[in-house]
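Comments concern the structure below.
The values are calculated or read from the model by the stated rules, or taken from the named source; none is laboratory data. Treat the numbers as computed from the prediction; the structure is a model and nothing was measured. We place every Cβ from the backbone using ideal geometry, glycine too, and count neighbours over all the protein chains shown. All accessible areas refer to the heavy atoms of the entire protein, side chains included, with ligands and DNA or RNA removed. Shrake-Rupley method; radii C 1.70, N 1.55, O 1.52, S 1.80 Å.
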Amino acid sequence: MSNIAVCPGSFDPPTEGHLNIVARGLKVFDKVIVAIAVNSQKKTTLTTAERMALLKELFKGKEGIEIDAFEDKLLIDYVRSKKARVILRGLRTIQDYEYEFQMALANRQLAPEIETVFMMTESKFSYISSSLTKEILSLGGSGKGIVPPLVEKKMKEKVRK
Ligand code: ADP
């Protein structure tokens, strides 16, 4: 049986931090499904289709990666539907820890057969979040080292509109 992990997130936009977690996840799992969690109540900068297109381009040609999205359903139900048993999440700060701890415990209560696995961020990415990225890019700052050039270009196009 292959060892599949689901890496869920908003990816609004995808950052170097996300890419790092997924790349490292591939060292441990046979397959990593990068899954955009779409919440119809939440306003995003990039549409689901735009986030899918960016992620597909960023991981083009990489073996063991699938890009997908799921909407208005529990993460554990999505993970089960993909025949995966692991939720892969990144940890940056102590603030992440509190939130992730609560989510991991809730998911374990709902689906004891699914494990949440955390990977510690690389220190050079520890300050990167999608919201900080949006702020920097929308005010004209450089995305170098924060987001891939493709993402920076797309975000700057969006802001101009
Ligand atoms: P969510 O809205 O679910 O937190 P995000 O798109 O912000 O979604 O993050 C998706 C996943 O990527 C989370 O597990 C998050 O901890 C991880 N992640 C985000 N940024 C970084 C980073 N700079 N370093 C490591 N992991 C990160």
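Can you give the helix-only mean residue ellipticity at 222 nm for the chain, where every DSSP H stretch with n ≥ 4 adds -39500 (n - 2.57) and the sum goes over all residues, rounded to the nearest 500 deg cm²/dmol?
-13000 deg cm²/dmol
Residue separation times 0.36 nm, minus the C-alpha to C-alpha distance between V28 and E50: what's the value?
Full extension from V28 to E50 adds 5.1 nm.
What is the magnitude of the charge dipole of segment 8-72 about its Cα centre, with +1 placed on the Cβ of each Lys and Arg, -1 on the Cβ of each Asp and Glu, and no other charges, expressed in debye to the nearest 20?
Working: 9 positive and 10 negative charges, 35 e Å.
Dipole magnitude for segment 8-72 comes out near 160 debye.
Cα atoms only: what Rg and Dmax, in Å, come out for segment 50-125?
My reading of the Cα-based Rg and Dmax gives 14.2, 37 Å.
Fully extended, how many nm does the chain gain between E63 and S81 (0.36 nm per residue separation, minus their Cα-Cα distance)?
4.4 nm
Report, to the nearest whole %, how much of the accessible area of segment 73-113 belongs to carbon and sulfur atoms, 1.4 Å probe, protein only. List each step's numbers first, then the result.
Numbers: 1580 of 2770 Å².
Carbon and sulfur: 57 percent of the exposed surface of segment 73-113.
Relative to the present Cα-Cα distance, how much length would full extension add between Q95 and S142 at 0.36 nm per residue of separation?
14.3 nm
Enumerate the whole-percent occupancy of each 10 Å bin, from 0 to the last occupied one, for all C-alpha pair distances of segment 1-93.
16, 52, 30, 2
In debye, nearest 20: dipole of the chain around its Cα centre with unit charges on the Cβ of K, R (+) and D, E (-)?
440
Give the accessible surface of the chain per residue, rounded to a whole number of Å², with probe radius 1.4 Å and ligands, DNA and RNA excluded.
Value for the chain: 57 Å² per residue.
Tell me, what is the Rg over Rh of the chain, with Rh the Kirkwood radius over Cα pairs?
Ratio of gyration radius to Kirkwood radius: 0.95.
Taking the chain as a Gaussian network, where each spring joins two C-alpha atoms under 10 Å apart, which residue of M119, M52, M103 fluctuates the most?
Taking springs between Cα atoms under 10 Å, the residue moving most is M103.
Note down the Stokes-Einstein diffusion coefficient of segment 74-161 in µm²/s, whole number, using a Kirkwood radius over alpha carbon pairs, 37 °C, and 0.692 mPa s.
Estimated via Stokes-Einstein, D reaches 215 µm²/s.
Grab the other residues whose beta carbon is less than 15 angstrom from that of V117, score K and R as +1, D and E as -1, and report the net.
+1
Tell me which residues come under 5 Å, amide H to amide H, from C7 once H is placed; ignore anything under 5 positions away on its chain.
It is I33, V34, A35, L88, by chain and number.
Checking the table K82/K124; K31/K56; K43/K153; K56/K153; K62/K156; K42/K158 against a 23 Å threshold on Cα-Cα, which pairs fail?
Working: K82/K124 32 Å; K31/K56 15 Å; K43/K153 21 Å; K56/K153 16 Å; K62/K156 26 Å; K42/K158 18 Å.
Distance filter (> 23 Å) returns K82/K124; K62/K156.
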